[in-house]
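The values are calculated or read from the model by the stated rules, or taken from the named source; none is laboratory data. The shown structure was predicted, so the numbers you read here are calculated from the model rather than taken from an experiment. Here the Cβ positions follow ideal geometry from the backbone for every residue, glycine too, while neighbour counts run over all protein chains shown.
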Amino acid sequence: MKRYLHSLFDKASSRLDYLKDLTLHFEIPPNNDFGDLSCNAALLLSKKLKRNPRTLAAEILENLEIDKNIIYKTEIAGPGFINFFYTPAFVTGIIAEVLEKGDNYGRSNKFEGKRANVEFVSANPTGPLTVGHGRNAVCGDTVANLLEWVGYKVDREYYFNNAGRQMRVLGDSVRLRYLELLGEEVQFPDEYYQGEYIKDIAEEIKNEFGASLKNEPAEGKFKIKAEQEIFADIEKSLISIGIKFDLFFNENLLYSDKKIESLLGRFKEKNLSYEKDGAVWLKLSELGNEQDKVIVKSTGEPTYRLPDIAYHITKFERNYDLIIDLFGSDHNATYPDVVAGLQALGYDTSKMKVLIHQFVTIVENGEIVKMSTRKANYITLDELVDEAKADAVRYFFNMRNISSHMNFDLALAKKQSDENPVFYLQYAHARICSILKMVSEQNLVASTANLHLLSTDVEIQLIKKLHQFSEEILNAALQYEIHHICVYLEELAAIFHKFYTFCRILGTEKDLAEARLALIGAVKIVIKNGLKILGVNAPDKM
RNA sequence: GCGCCCAUAGCUCAAUUGGAUAGAGCAACAGCCUUCUAAGCUGUAGGUUAGUGGUUCGAGUCCACUUGGGCGUACCA
């Protein structure tokens, strides 16, 4: 519908010059009395043209060639809003459209032919995924889904590093636990990985190799085994919430393919780096950032910046139209350096979008639980899924704006099933399925022949809500804000539940019953499609 | 100190990105099941949108300052 109105304004702009470079904005008014869509163009223009907004609105209206079959009424309201009212024929026509498009209703081809890379999770294999990773994982996967719904071909990518100091410490942690199991006295340093999973891995090694690894170095079998085990667990955790990656990118590849080396050369060649105190520095202060930063330590080892930049260059070389990075807020200081470096080398960083999600704070008995993988003080994603099931966990993370800090009480998480609105949505779907099952035994079939019989407020509201779905998706995708889908679905489900209470199907006159069947069939499609984007099941029965 | 994020009902959060009377869930209170699933519906109560100023037709939303919180501020990632 918005597209139709845009086209009307486009035509009118040939007569009204001031409409030409105006970005139009249509929105759904807060109140039914104000119509179905509202436009504030006159208000915006009044400032620029120094004219009364209401007379401007009247002038615009006169120049719109409105199809009376689609919009039966327009009005100028308040300070100068132009309100549009849909005809009943247009409204009921929505149902047929939903039914016809089915599983594809809500998809758009706006970004057809474009390719996107969404990088998320990217946790190094040093321990199980925590609740914090869970938020990242769910949000990343949902953003990817959303992009697919607007036409992108999406690669979900996981970047990891299995070299370096962290991994040495991991290997040595396992080695010490192994020696402990063999009955040796060992000093287990505080800064080593304290988690129980380290002991489990040591146990497995002991079962496989007996005492034969007494003199094995930490970076040998210990590290390798730990990495394998942990990675397998990570993948299992991800699959348990329905996430599968297309690509795993190992940081090592950047070294073995000489990407780091050549990048260093390019910085030097462009005079963007220099040596000081035995280290190599990147001239970030000349690129608009606060201060210069080290890219190669005096030990000869690069800092994270160099591989990160090299890694992103590979994304540009792989020709993505959109490159998304999803980080937790603890990384908020790192990406500007990477972006500045890329920009200096001439890459089009406007293709990049960095999404930062805020932390999930776990509160237990009124106190905040500080999470640390190293100190083994964390709640794992697996524990959360055990307590609250995958659908509830996915919905829980999807339903909030990623920029908002999330609090949750662990005690509450355990009874989360009662409070999570996901069940409200699933229940609506299950109720529809139940009706459809029941009518199949009667002599009733969904029919679009008599949709004009759908005339109560709640029915009209429900249909109009269905119409908003595609625009909600597009809007959410353009802003990478997935929680809008949840808000929309909850509103839709609320109207449906009201409909369910007031408008019966069984025992109603045949034509009306069949029209209502068509309506709930359409509702079912939209709920199912919406939940699909969120990665949540739509059960037939509850 | 500096940078990013945040502050909305008792609690957890929305608010169409500057729009018309700030909305949901949970908790509280009062109702609704002999008819398609009560994991539902109806109603009541709950707000100086942290504070102070500013910008304009119009501010929860933008700007400045203040207060309070989270995350950073490494030759860790």
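A few points about this structure:
- The residues of the stretch A:10-33 that are under 33 Å from the mean Cα position of the chain (by Cα) and assigned to a helix (DSSP H, G or I) amount to a single one, A:ASN32.
- Inside the stretch A:211-253, residues that are surrounded by 13 or more Cβ atoms within 10 Å (Cβ to Cβ), more than 17 Å from A:ASP200 (Cα to Cα) and of a type in the set (A, V, I, L, M) make up a count of 4.
- Residue within the stretch A:376-397 that is more than 25 Å from A:TYR152 (Cα to Cα), within 11 Å of RNA strand B (Cβ to nearest atom), modelled with pLDDT under 95 and in contact with a strand residue (DSSP E or B) (Cβ under 6 Å, 6 or more places away or on another chain) present: no
- Verdict on A:LEU436 being more than 23 Å from A:THR142 (Cβ to Cβ) and surrounded by 16 or more Cβ atoms within 10 Å (Cβ to Cβ): yes
- Residue match in the stretch A:19-35 (condition: in contact (Cβ under 8 Å) with a residue 12 or more places away in the chain and away from RNA strand B (no atom under 15 Å from the Cβ)): yes
- Meeting the requirement of 2 or more residues that are modelled with pLDDT under 95, farther than 27 Å from A:HIS357 by Cβ and over 26 Å from the mean Cα position of the chain (by Cα), the helices (runs of 4 or more DSSP H) wholly within the stretch A:415-500 are A:422-439, A:457-479.
- Within the stretch A:300-327, considering residues that are over 26 Å from the mean Cα position of the chain (by Cα) and surrounded by fewer than 16 Cβ atoms within 10 Å (Cβ to Cβ), the one farthest from A:LEU253 (Cα to Cα): A:GLY300
- Pairs meeting the criteria (first residue in the stretch A:325-345 and under 20 Å from A:ASP141 (Cα atoms), second residue part of a helix (DSSP H, G or I) and hydrophobic (A, V, I, L, M, F, W, C), beta carbons under 8 Å, at least 6 apart or on different chains) are A:LEU326/A:CYS139; A:LEU326/A:VAL143.
- Residues within the stretch A:315-343 that are near RNA strand B (Cβ under 9 Å from one of its atoms) and at pLDDT 95 or above, tallied: 0
- Residue within the stretch A:209-230 that is closer than 30 Å to A:CYS139 by Cα, among the aromatic types (Phe, Trp, Tyr) and touching a helix residue (DSSP H, G or I) at 6+ places or on another chain (Cβ under 7 Å) present: no
- Residue selected from the stretch A:34-52 under the condition modelled with pLDDT under 85 and part of a helix (DSSP H, G or I), by the criterion nearest to A:LEU466 (Cα to Cα): A:SER46
- Count of the stretch A:344-363 residues, restricted to those that are of a type in the set (Lys, Arg) and either away from RNA strand B (no atom under 16 Å from the Cβ) or crowded, with 21+ Cβ neighbours inside 10 Å (or both), is 1.
- Scope the stretch A:36-56; condition near RNA strand B (Cβ under 7 Å from one of its atoms) and either under 17 Å from A:ILE71 (Cα atoms) or of a type in the set (Phe, Trp, Tyr) (or both); matching residues: A:SER38
- Of all residues assigned to the stretch A:57-69, none qualifies as being within 12 Å of RNA strand B (Cβ to nearest atom) and under 28 Å from A:ILE473 (Cα atoms).
- Scanning the stretch A:475-517 for residues that are within 9 Å of RNA strand B (Cβ to nearest atom) and β-branched (Val, Ile, Thr) yields A:VAL487, A:ILE495, A:THR501, A:ILE505, A:THR508.
- Residue pairs whose Cβ atoms lie under 9 Å apart, separated by 6 or more positions or on different chains, with the first residue in the stretch A:501-528 and assigned to a loop (DSSP other than H, G, I, E, B) and the second among the basic types (Lys, Arg), are A:CYS503/A:ARG516; A:ARG504/A:ARG516; A:ILE505/A:ARG516; A:THR508/A:ARG516.
- Check on A:SER14, of a type in the set (Gly, Ala, Ser), surrounded by fewer than 15 Cβ atoms within 10 Å (Cβ to Cβ) and without any contact (Cβ under 8 Å) to a residue 40 or more places away in the chain: yes
- Residue that is nearest to the chain's Cα centre (by Cα) [pool: residues in the stretch A:131-183 that are hydroxyl-bearing (Ser, Thr, Tyr) and more than 16 Å from RNA strand B (Cβ to nearest atom)]: A:TYR152
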